[in-house]
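All remarks here apply to the structure that follows.
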Amino acid sequence: MTISNYINRPEQILAHRSSISSVPSETLSEHSNLVLHFYHKLGNENGTKQAVENCCATLVQQFPSERQEFLKGLLVLLLEQAVYLHDLGKINPKFQTLKMKNEKVSLPRKQSREMDSNHSLLSSVLFFYVIKKEWLNDSFSVEEELFLDNMLYQTMYLISKHHGKLEDMFKEGEPIFKERLFNIIDALEAQPLYLSFFYGREDFFEFINEHLWECVNNNSIAQRKSLKVDEFAFFIYGKLLFSLLVACDFYATHSYMNKEEPSFHFLTSAQKKSMQDSFENLPITRAIRNPDKSKISEMNKMRSALFLEAEEAMLSHQAEHLFYLEAPTGSGKTNNSINLGLQLLKANEGLNKIVYVFPFNTLTTQTYNTLQKFLPPEQDTGIRLSVINSITPIMMNPSDEDNEETFKRSAREELLRRQMIQSSITLTSHVNFFNYLFGVTRESHLGLIHLCNSVIILDEIQSYRNEIWKHIITFLQAYAKIFNMKIIIMSATLPPLDELTDDDKQATYLIKDSAKYFQHPVFQKRVEHLDYSMVNAELPTGKKERQNAVFAMLAEKIEELYEERSSNRILIEFLTKAAAREFFHFLNDRYPTKIIYELTGLDSKQNREKILSFLQEEEQGEFVHKDVILVATQVIEAGVDIDMDIGFKDISI
C-alpha cells in the first residue's frame, strides 16, 4: 500500500513548501515516494539492500530454520516502511496550518491553541497502528511476538527522533520513551482533531489501548534481556535504519528544494580499472613486480618482499572482512595499503569506494600527496580524491565563482557529497569514522549508510587506549560483516587483536611472520645508537622545576654535540605543544644565529610542508642544510620521512 492509502484527502496534505512563490508545495505523498525512490536507489547502487538483508538474517538466527526466512522478510519490510512512512505525522492539522501555511486545512481557533505542530512522535504512533494491524493477519509464537514487538518499539523510537539526536530509551531503569508515548496518546484523546486526516481514526484508540501498551510492556529491560538476539546486529539495525531514514529524507528534501535529483558517485568497473592501471604503471610498482636484482638495495628488497607477501595473502583470503597489516616503520605501508585496497576493488565487484582513516591530519596530507601522484585526473575519469576533516575546506571549482547562482548550486552539491562520503577515495579522521559508527546525531548518520561496500583502511590503530581495542575490533567485525566492508588495520605495533574478542573466526594477518621484517638489520638498525641516560636522571617533583631541569639537560647535551662537530641535524620531540613551544623559545635565545624550527599540530599544512621541504633538500645525494634544529611534538612521527643525525624524545611512563 502507498502512503495515500493511510491518509484522507492526501492531495491536501503537504510535506514541504518552497521559499520561491513560483515553486508549488510538495505533498506528503510526493515526498514519501521520493524518499522510497532513494531508498531503492541506495539499495541497488550502493548495496544497502544486501546490508539490510544481512542484518535482518542475523537477527532471526535464534528461531527455527523454517521460520527464519519469513521473519527476515517481516524485518526487511519493517525497515523499508519505517523509511517510507516516517513523516506520516505531518497529517497533524496544526503542522499543516502553522508550518505549511496550508490554506486547504483549517482549524477552529480554540482547538488550534490547544494543539502543537510536532509530527515526529505522532508519526511513530501512527506507524505502530499501520504495522501492527498488518502483523495481526499472521500467527506468531510467544517468542516471535516478543522479538517483533522489540523490533517495532525500537523502530518507533527511531522514527520519533528523526529530526533530533538519539538518546537512551531508558534512564536509571525507567522507560523514557514510554512516558513520551503516554503523553502523546493523552494529547490525541484530549484533541481528536490530530487524527482528522488519518484513515484509521475510527478505531484508533481502541486498537492502541489493546496493542500498544502490550508492546510497551514487552520492552522492559527484563524482557529485552530475555531475548536471545545477536546484540551487535540489534545495535546495527538501529544505526542502519536511522542512517537510511535520515539520508533518504535528506536526498528527497534536497531534490525538492534544489529542483534536481542529486547524482550518486560510486566507483564503476571502468574507474576501478583506470586506478589499478595507473598504480601498476608507477615506477615503484614496476620495480616491485620486475626488480633489477643488480641494482636493488637490501632495504628495497625487503620492502618488495613485504608488498608481495601481503598481496598474496590478501588475494588468498579475499572473502574475509578484517585484515591486519603489521609492518615496521619505513617498510612502505602507504604503498602497501594502496595496492591492497585496489586489489580488493578489483577482486570484489560490489566494492565501490576506499576510505582511509587516520589519527593525525599530517598522515592525511602525506597519503593524499602519494595518491595524487598516480590517480588519473578527475575531469577525465570522474575519479575523485577528497579529504574530510576539521581543517580541509570543501572542494570548489574556481570557475563556478563567476556566476552567483552557479556557485550556490555547486556549493550545495559539494556539501552534499561531503556529508554523504560521495568520493572515489576519501581520507578522513578516526574521529569522523567512529562518529559514523557510534555517533547519535542526525548529521553523523548521513554518512554511515554510504560506508556499505567500502574498503576501509585504518592507520595507526595503536593510537587508541589498549583497554578499548577489544570493543573496537568486535564492533568492526560486526559492522564489516553486515555492511560488506573490507577493513585493513595497519600499524607498526599490532597486538593479536582478534584474540581479544570472543569470535572464534580468526582475522587474516597479511604478514605471517612479521618478525623477519622487524628484526632485519635494514629496519631494526635504522637508529644506530640508543641512549637512555636521561631517562634515569633524578628530576625535581614540581612541574615547572622538572621542566627547567629537562631543558638544562638538553642544553648540555646539545652543547656536547657542538663541541664534537660544528654542524648537527637535531630533532627534539616533546609530548605537549606547550613544552615544545617553550623549548623552541629557549633555544632561540641560546642560539640566535642557528636555524631552529618548531613543528606541532598547530602548524598549517603550508608551513609544515615548507619546513619538511627545507629539511629534505638535497644536492648530489647530500643534505643542503647540515646544521638545523627541529623542535616538534609527536606529530613528527605521523608519516614524515626525514633523516636527522640525532634525536631526543620525551617519553611518558
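The values are calculated or read from the model by the stated rules, or taken from the named source; none is laboratory data. On a predicted model such as this, the values are computed, not experimentally measured, just so you know. As a convention, Cβ positions derive from the backbone with ideal geometry for all residues, glycine included, and neighbour counts pool all protein chains shown. These accessible areas exclude ligands, DNA and RNA; they are computed on the full protein's heavy atoms, side chains included. Shrake-Rupley method; radii C 1.70, N 1.55, O 1.52, S 1.80 Å.
Is it true that Phe574 is at pLDDT below 90 and open to solvent by less than 70 Å² (accessible area, probe 1.4 Å)?
For Phe574, the condition - at pLDDT below 90 and open to solvent by less than 70 Å² (accessible area, probe 1.4 Å) - is met.
Among what's in region 514-529 and is open to solvent by 100 Å² or more (accessible area, probe 1.4 Å) and farther than 14 Å from Glu326 by Cα, pick the residue that is modelled with the lowest pLDDT.
Top of the filtered list is Glu528.
Quick one: in region 104-139, of everything that is in contact (Cβ under 8 Å) with a residue 12 or more places away in the chain and basic (Lys, Arg), which residue is farthest from Leu158 (Cα to Cα)?
Among those that are in contact (Cβ under 8 Å) with a residue 12 or more places away in the chain and basic (Lys, Arg), it is Lys104.
With the structure loaded, tell me whether Ile473 is outside any helix (DSSP H, G or I) and among the aliphatic types (A, V, I, L, M) or whether it fails that test.
Values: outside any helix (DSSP H, G or I): no; among the aliphatic types (A, V, I, L, M): yes.
Considered against the rule, which asks whether it is outside any helix (DSSP H, G or I) and among the aliphatic types (A, V, I, L, M), Ile473 comes out as no.
So, restricting to strands (runs of 3 or more DSSP E) that lie completely within region 557-653, which ones have at least 1 residues that are more than 28 Å from Gly332 (Cβ to Cβ)?
In region 557-653, the matching strands (runs of 3 or more DSSP E) lie at 595-599, 628-632.
If a residue has to be modelled with pLDDT under 85 and not in a helix (DSSP H, G or I) to count, how many in region 476-513 make the cut? Before you say what the answer is, go through the steps one by one.
First, the residues of region 476-513 that are modelled with pLDDT under 85: 491-507.
This time we only want the ones that are not in a helix (DSSP H, G or I), so: 491-496, 501-507.
Summing the residues that are modelled with pLDDT under 85 and not in a helix (DSSP H, G or I) in region 476-513 gives 13.
Counting residues that are closer than 20 Å to Gln223 by Cα, which helices (runs of 4 or more DSSP H) fully inside region 94-203 reach at least 3?
Where helices (runs of 4 or more DSSP H) fall fully within region 94-203 and carry at least 3 residues being closer than 20 Å to Gln223 by Cα, they are 142-160, 176-190.
Test Asn369 against the stated conditions and say whether it is modelled with pLDDT of 95 or more, over 26 Å from Lys512 (Cβ atoms) and of a type in the set (S, T, N, Q).
For Asn369, the condition - modelled with pLDDT of 95 or more, over 26 Å from Lys512 (Cβ atoms) and of a type in the set (S, T, N, Q) - is not met.
Name the residue that is surrounded by the fewest Cβ atoms within 10 Å (Cβ to Cβ), counting only residues in region 579-613 that are more than 35 Å from the chain's Cα centre (by Cα) and hydrophobic (A, V, I, L, M, F, W, C).
Looking at the filtered set, the residue picked out is Ile595.
Quick one: how many residues across region 288-314 are modelled with pLDDT under 95, closer than 30 Å to Asn453 by Cα and exposed (fewer than 15 other Cβ atoms within 10 Å of the Cβ)?
The total comes to 1.
Can you tell me how many residues within region 340-389 are of a type outside the set (A, V, I, L, M, F, W, C) and under 25 Å from Val431 (Cα atoms)?
18
Which of the residues belonging to region 125-155 are of a type in the set (S, T, N, Q) and more than 21 Å from Leu227 (Cβ to Cβ)?
Asn137, the sole residue that qualifies.
When you look at His31, is it at pLDDT 95 or above and crowded, with 17+ Cβ neighbours inside 10 Å, yes or no? Outline the logic, then answer.
Details: at pLDDT 95 or above: yes; crowded, with 17+ Cβ neighbours inside 10 Å: yes.
Answer is yes for this residue.
Out of the residues in region 315-331 that are over 14 Å from Tyr509 (Cβ atoms) and touching a Leu at 6+ places or on another chain (Cβ under 7 Å), which is most open to solvent (accessible area, probe 1.4 Å)?
Gln318
Do we find that Asn453 is out of contact with any Phe, Trp or Tyr (no Cβ under 6 Å at 6 or more places or on another chain), at positive phi and among the polar types (S, T, N, Q) in this structure?
Numbers: out of contact with any Phe, Trp or Tyr (no Cβ under 6 Å at 6 or more places or on another chain): yes; at positive phi: yes; among the polar types (S, T, N, Q): yes.
Yes, satisfied.
Name every residue in region 358-394 that is in contact with a helix residue (DSSP H, G or I) (Cβ under 6 Å, 6 or more places away or on another chain), within 25 Å of Glu260 (Cβ to Cβ) and surrounded by fewer than 16 Cβ atoms within 10 Å (Cβ to Cβ), in order of residue number.
Ile394
Would you pick out the residues in region 244-263 that are in contact with a Leu (Cβ under 8 Å, 6 or more places away or on another chain) and either among the β-branched types (Val, Ile, Thr) or open to solvent by 10 Å² or more (accessible area, probe 1.4 Å) (or both)?
Passing the criteria: Val246, Phe250, His254, Ser255, Tyr256.
Among the residues of region 434-443, is there at least one that is out of contact with any Leu (no Cβ under 9 Å at 6 or more places or on another chain), within 26 Å of Cys55 (Cβ to Cβ), among the acidic types (Asp, Glu) and open to solvent by 30 Å² or more (accessible area, probe 1.4 Å)?
Yes, region 434-443 contains a residue that is out of contact with any Leu (no Cβ under 9 Å at 6 or more places or on another chain), within 26 Å of Cys55 (Cβ to Cβ), among the acidic types (Asp, Glu) and open to solvent by 30 Å² or more (accessible area, probe 1.4 Å).
Suppose we filter region 418-452 for residues that are outside any helix (DSSP H, G or I) and closer than 21 Å to Ile473 by Cβ; how many remain?
4
Restricting to region 40-72, what's the tally of residues that are among the hydrophobic types (A, V, I, L, M, F, W, C), open to solvent by less than 10 Å² (accessible area, probe 1.4 Å) and not in a helix (DSSP H, G or I)?
Total meeting the criteria: 1.
Taking Val105 as the residue in question, decide whether it is more than 32 Å from the chain's Cα centre (by Cα) and crowded, with 20+ Cβ neighbours inside 10 Å.
Considered against the rule, which asks whether it is more than 32 Å from the chain's Cα centre (by Cα) and crowded, with 20+ Cβ neighbours inside 10 Å, Val105 comes out as yes.
Give the residue that is least open to solvent (accessible area, probe 1.4 Å), with candidates limited to residues of region 277-287 that are out of contact with any helix residue (DSSP H, G or I) (no Cβ under 7 Å at 6 or more places or on another chain) and in a helix (DSSP H, G or I).
Selected residue: Ser278.
Would region 217-224 turn up any residue that is closer than 20 Å to Glu143 by Cβ and open to solvent by less than 20 Å² (accessible area, probe 1.4 Å)?
Yes, region 217-224 contains at least one residue that is closer than 20 Å to Glu143 by Cβ and open to solvent by less than 20 Å² (accessible area, probe 1.4 Å).
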